[in-house]
Amino acid sequence: MRVVVVGGGIGGLALGAGLRSRGFEVTVFDRDTDVTATGGYHITLDDRAQSALAELVEPKIMQRLLASGSALRLRERDAFWDRRGRFLGHGPDLSGSGSVDVDRITLRTLLAEAVGEDLHLGRTVFGVSDDGPQVLFADGTLVSADLIVGADGAHSVVARHLAGGPTNRPAGIVGFSGRTLRRDLGLPEQERLRSRSGIAIAPHGAALYVGFLDPVGNAALDAPELRMSVTTGPTYIWGAMLPESNATNALRTRRGGELQTAILETFRNRRWAERTLEVIAKAAPDSVAAFRFNAASTRAVDLDPWPTGRITALGDAVHATPPTAGMGAGAAIRDAASLVKHLSETDSTTAVARFEAEMRERGSEVLTLAMKTVKWILATDTPLGAAATAALTPILATAARLRR
Ligand SMILES: Cc1cc2nc3c(=O)[nH]c(=O)nc-3n(C[C@H](O)[C@H](O)[C@H](O)COP(=O)(O)OP(=O)(O)OC[C@H]3O[C@@H](n4cnc5c(N)ncnc54)[C@H](O)[C@@H]3O)c2cc1C
């Protein structure tokens, strides 16, 4: 059986690796020319995502991935802040968590290694045809397959073909991300942020998530010789969020230092204290990027409205998930493991039907979690929500101070 995978991102490469290891003939096509040219933020892999990945790649690849990961259970308890940098409360207790954070570049590089020569870069897919079925490339060439899997992300050509239109829409938030070395912050801000992640919230839909990544200090495994992490020292990987508008959308056209300055100006105009913005100001300018949050429906029944056939899709192509739950990549990996398992056990029509049924439920679960935070952030942008946030945060800050 010949499987063609459109898209060599996280889900497509995980699928390619798993199919290859089970002896399927598989080819993965991606438009990128370099697998390391991908967003530099980190990816959280929970226990379920790690188990799925372990079914798809050889133990030595899994070992190298974990050896460059940062364990969530080792970081301090996460924190909530207001826009003045006042502590509001703690996040959930992660001391029993099995989740790890890994650099997205490291994860993609290792998965690409697992797929080996079956990965073809610099190949942009233009469309798919049910006749064959076939994949059509931008350069006019065609490739036939027994099964085509669209793993081509939120703007999927394959899923659009299957669904007859887009499978997701803008979620109402524009995000900005960047990387800041902990040592580049002044001591007071290092002491405030500490070795933990946190999120600051403010009226009118502005939020700043600061994730802490330390593959050395918080190593998931005690195997220093195996580390291949892009992050080499304690690093804050931050994500600033603003409601989508003409003004915030215009920021998406900017890059690097120019974008960094514009983000700082926008948050200053929204009366964020200078110290809370230091993490943005001290970021490596070339790490700063803007992106729009896209989200599919949270309802399982809406997610793949097409009859089961010889073309299917997985990951963000079907259930595009905003990064607010840190589960989109994990879900794409779990989709891949489910498809490999069913294809190994039964005929392809039954396998695809079983895989799609599981994917619907999985997609709905992660989208529901991610949209909770999106809705919460957007609620602070209503007149009532803005007034409630402005009134409540000083009370929470005082209560937190008295408790300490
Ligand atoms: C800032 C941010 C932080 C995130 N943090 C987390 C996190 O902590 N944990 C988590 O689990 N998830 C996280 N996510 C989400 C996660 O990155 C995605 O959900 C995940 O990458 C989806 O995997 P995928 O394989 O479906 O799509 P992608 O990884 O997006 O891969 C799609 C691939 O298809 C290729 N492609 C697209 N169109 C074509 C075409 N026409 N022809 C050929 N190739 C094509 C692209 O080049 C790309 O490589 C985050 C996302 C963002 C933006």
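Nothing in this text is a laboratory measurement; each read-out follows from the coordinates by a stated rule. Computed from a prediction, not measured in an experiment: that's the story for all the values here. Methodologically, a virtual Cβ is constructed for each residue, glycine included, from the backbone with ideal geometry; neighbour enumeration extends over all protein chains shown.
For the pair residue 375 and residue 190, label points projected 7 Å from Cα toward Cβ lie 4.2 nm apart.
Estimated purely from DSSP H runs of n ≥ 4, each contributing -39500 (n - 2.57), the mean residue ellipticity at 222 nm for the chain is -12500 deg cm²/dmol once divided by its residues. Along the range 150-163 the Karplus relation, 6.51 cos²θ - 1.76 cosθ + 1.60 evaluated at θ = phi - 60°, assigns HN-Hα couplings of x, 10, 9, x, 4, 10, 4, 6, 5, 5, 5, 5, 5, 8 Hz to successive residues, with x for each Gly and Pro. Counted over all Cα-Cα pairs of the range 1-85, pairs farther apart than 23 Å make up 39 percent. With only Cα atoms counted, the range 139-264 has Rg and Dmax values of 20.1, 60 Å. Once the Cα atoms of helix 348-379 and of the chain are each reduced to a long axis, what angle between those two axes, in degrees from 0 to 90 to the nearest 10, is obtained? On a 0 to 90 degree scale, this one is about 10. Neighbours of residue 154 by Cβ distance under 13 Å: Lys/Arg scored +1, Asp/Glu scored -1, total +1.
A Gaussian network model of the chain, with springs between Cα atoms under 10 Å, assigns the largest mean-square fluctuation among 386, 171, 295 to 386.
For a label point 7 Å from the Cα of residue 268 along Cα→C-beta, name the residues of the range 61-92 whose backbone N is under 20 Å from it. Zone members listed by number: 83-86. Just need the Rg to Rh number for the range 276-404, please, alpha carbons only, Kirkwood Rh. Rg/Rh for the range 276-404 comes to 1.15.
Our coupling estimate for the range 118-134, obtained by passing each phi through the Karplus curve with A = 6.51, B = -1.76, C = 1.60 and θ = phi - 60°, is 7, 9, 10, 8, x, 10, 8, 7, 9, x, 10, 10, 5, 6, x, x, 9 Hz, Gly and Pro reported as x.
Between the range 283-300 and the range 369-398, what is the separation of their alpha carbon centroids in Å? About 21 Å separates the Cα centre of the range 283-300 from the one of the range 369-398.
Here the range 159-218 has an Rg and Dmax of 17.8, 54 Å, counting Cα atoms alone. Take the Kirkwood radius over Cα pairs of the range 2-403, plug it into Stokes-Einstein at 4 °C and 1.567 mPa s, and you get 59 µm²/s for translational diffusion.
Hydrodynamic radius of the range 51-149 by the Kirkwood approach over all distinct alpha-carbon pairs: 17.7 Å.
The HN-Hα couplings worked out from phi for the range 274-290 by the Karplus form 6.51 cos²θ - 1.76 cosθ + 1.60 (θ = phi - 60°) are 4, 5, 6, 9, 4, 4, 6, 4, 9, 5, 5, x, 6, 8, 7, 9, 10 Hz, whole numbers, x standing for Gly and Pro. Measuring nothing but how far apart in sequence close Cα pairs (under 8 Å, 6+ apart) lie, relative to its length, the chain scores a relative contact order of 23 percent. By the Kirkwood approach, averaging reciprocal distances over each pair of separate Cα atoms, the range 83-221 gets a hydrodynamic radius of 19.9 Å. If R0 is 41 Å, the Cβ-Cβ spacing of residue 275 and residue 310 corresponds to a FRET efficiency of close to 0.15. In units of the rule-of-thumb radius 2.2 N^0.38 Å, the range 190-325 shows an alpha carbon radius of gyration of 1.31.
Taking 0.36 nm per residue of separation and subtracting the current Cα-Cα distance, fully stretching the chain between residue 386 and residue 404 would add 3.7 nm. Between the residues 56, 382, 181, the greatest Cα displacement towards the positive end of the dipole of the chain, with unit charges on the Cβ of Lys, Arg, Asp and Glu, is found for 382.
Each peptide among 203-215, 279-291, 257-269 gets the average number of other Cβ atoms lying within 10 Å of its residues, and from highest to lowest they stand as 203-215, 279-291, 257-269.
Considering only alpha-carbon pairs that sit under 8 angstrom and 6 or more positions apart, the relative contact order computed for the range 269-360 is 25 percent.
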